[in-house]
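Here's the structure, in structure tokens; my notes come after.
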2 protein chains.
Amino acid sequence: MPPTTIPDIVIGRLPVYLRALTQFEISGNKVTSSHEMGEHLGISSAQIRKDLLHFGEFGKQGTGYNISYLKEQLEVILRVNQEWDVALVGAGGLGNAIVNYSGFRGRGFRIAVVFDNNPAKIGQKIDDLIVLSADQIKTKISKMRIRIAMVAVPSGQAQSVTNKLVEAGIESILNYAPTSLTVPSKVRIHHIDPVVGLQHMTYYM
Amino acid sequence: MPPTTIPDIVIGRLPVYLRALTQFEISGNKVTSSHEMGEHLGISSAQIRKDLLHFGEFGKQGTGYNISYLKEQLEVILRVNQEWDVALVGAGGLGNAIVNYSGFRGRGFRIAVVFDNNPAKIGQKIDDLIVLSADQIKTKISKMRIRIAMVAVPSGQAQSVTNKLVEAGIESILNYAPTSLTVPSKVRIHHIDPVVGLQHMTYYM
DNA sequence: TAGATTGTTAATCGATTAACAATC
DNA sequence: TAGATTGTTAATCGATTAACAATC
């Protein structure tokens, strides 16, 4: 947890704040308050103020927070005031859906290259990307200086694909395969597993 | 947080334990230990033992945990020793990928019905499901007694779709749209937003 | 028996909340 | 000024970890 000593759990909430601010902005609001944000997200207003204070004083007493200003600040803090090129491995149904997903737009990420190991898929187009052979993962990623990758292959292939990505110099991985992955400690990893969320909810049903 | 007073954060880890156990089982192992699981998941062994102890004594001193037995117990605890029918709203690229996603199989969930509001899609088949009109959400879900739904529509439509689902009696919602949703407090909601995970990681890059 | 690992408590650590002065 | 909301501290609360006796 480098830069300073800010708790990782706080960092994890910032993207959620950022998403909420974007919604408020779309609704045409200019200003919000920790109370309003808390209501909207189901978080206490004290927590939101304290989280933000780790990074500076972004509000104004009596008024609240200027939405577009706070948004910009959070984007800088999270390093998404730039667009990151992302490599995607897996051009199946899930990979296709990821490429066409609108949720990346304007939030700091752009799929820049797609790989698959299926000869029938290599050379085909997805959106305006040509699917490359998985054999090219290392050379292409190194050459393009890509630092972030997504894994959207079947569970059985996820670990070997991950190993290749790590070799290629990838620093952060978003894994869509429903399996845990082993990576060197310098590499960050996040899992997207819908079943984890579903099972969490069925416990209470 | 009904049943007993077990912390929600503990419940949230159980699906991850369950997934790891499945992996160990696939590798041909019969027995594991809190230490081995902790290593694999990056969690302390003490935490794993303590989490499990909320629900009973599943291990054996000197030996560890029988994988298939612990798996069964967790499945019962999480209520996924049965298969839940799930309604999906949204038959676009993402909806298609969800229907064809292999990660639900054997983990307690089955897409039982798909809705869309696009006339061009209604009546079409995805896998062996026929896409129904979004107008039928309420009647069909009530009739089928479905309690869990997934939202895979554009952000702008997510709230109104959610309202319909709540009206239809849905109790748990998995939301794939990159937007927060307002629901009555009795309804549980989980978000799948890949950008949240990505932005969490870029902070450290 | 010796070795290993759980079950379990007590201690530590860290996160959340309550409260309010500062200030717009 | 009166009202509102932040910035900030102190108190509370809860989760994690360390440690070890129990026991397989």
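Where a number appears in this text, it was derived from the coordinates with a stated rule and is not lab data. The model shown is predicted, which means the values in this text are computed figures rather than measured ones. FYI the Cβ positions are ideal-geometry reconstructions off the backbone, even for glycines, and counts take in every protein chain you see.
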| message | Take A:Ala158 and tell me if it is in contact with a Phe, Trp or Tyr (Cβ under 6 Å, 6 or more places away or on another chain) and crowded, with 22+ Cβ neighbours inside 10 Å. | response | no
| said: Just the residues that are closer than 20 Å to B:Phe24 by Cα and at the interface with chain B (Cβ under 8 Å from one of its Cβ atoms), please, taken from region A:178-188. | reply: A:Pro178, A:Thr179, A:Ser180, A:Thr182
| Taking region A:74-87, which residues are assigned to a loop (DSSP other than H, G, I, E, B) and at the interface with chain B (Cβ under 8 Å from one of its Cβ atoms)? | A:Leu78, A:Arg79, A:Val80
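Give region B:184-205 a look and list any residue that's more than 18 Å from the chain's Cα centre (by Cα) and either surrounded by fewer than 18 Cβ atoms within 10 Å (Cβ to Cβ) or in contact (Cβ under 8 Å) with a residue 40 or more places away in the chain (or both), or say none. Spell out the reasoning first.
Of all residues in region B:184-205, those more than 18 Å from the chain's Cα centre (by Cα) come to B:184-185, B:195, B:198-205.
B:Pro184, B:Ser185, B:Tyr204, B:Met205 - these are the residues of region B:184-205 that are more than 18 Å from the chain's Cα centre (by Cα) and either surrounded by fewer than 18 Cβ atoms within 10 Å (Cβ to Cβ) or in contact (Cβ under 8 Å) with a residue 40 or more places away in the chain (or both).
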| Members of region A:56-71 found to be within 10 Å of DNA strand D (Cβ to nearest atom) and among the aromatic types (Phe, Trp, Tyr), listed by number | A:Phe58, A:Tyr65
| task | Please tell me if B:Ile98 is away from every other protein chain (no Cβ under 12 Å) and either within 19 Å of B:Ile173 (Cα to Cα) or free of Cβ contacts under 8 Å to residues at least 12 places away in the same chain (or both). | result | no
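How do the helices (runs of 4 or more DSSP H) wholly within region B:1-55 filter down when requiring 2 or more residues that are within 13 Å of DNA strand D (Cβ to nearest atom) and within 8 Å of chain A (Cβ to nearest Cβ): which remain? So that I can check it myself, show each step before the final result.
Working: elements: B:8-26, B:34-41, B:45-53.
Per the criteria, B:8-26.
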| said: Please count how many residues of region B:40-69 are near DNA strand C (Cβ under 6 Å from one of its atoms) and on the phi > 0 side of the Ramachandran plot. | reply: 2
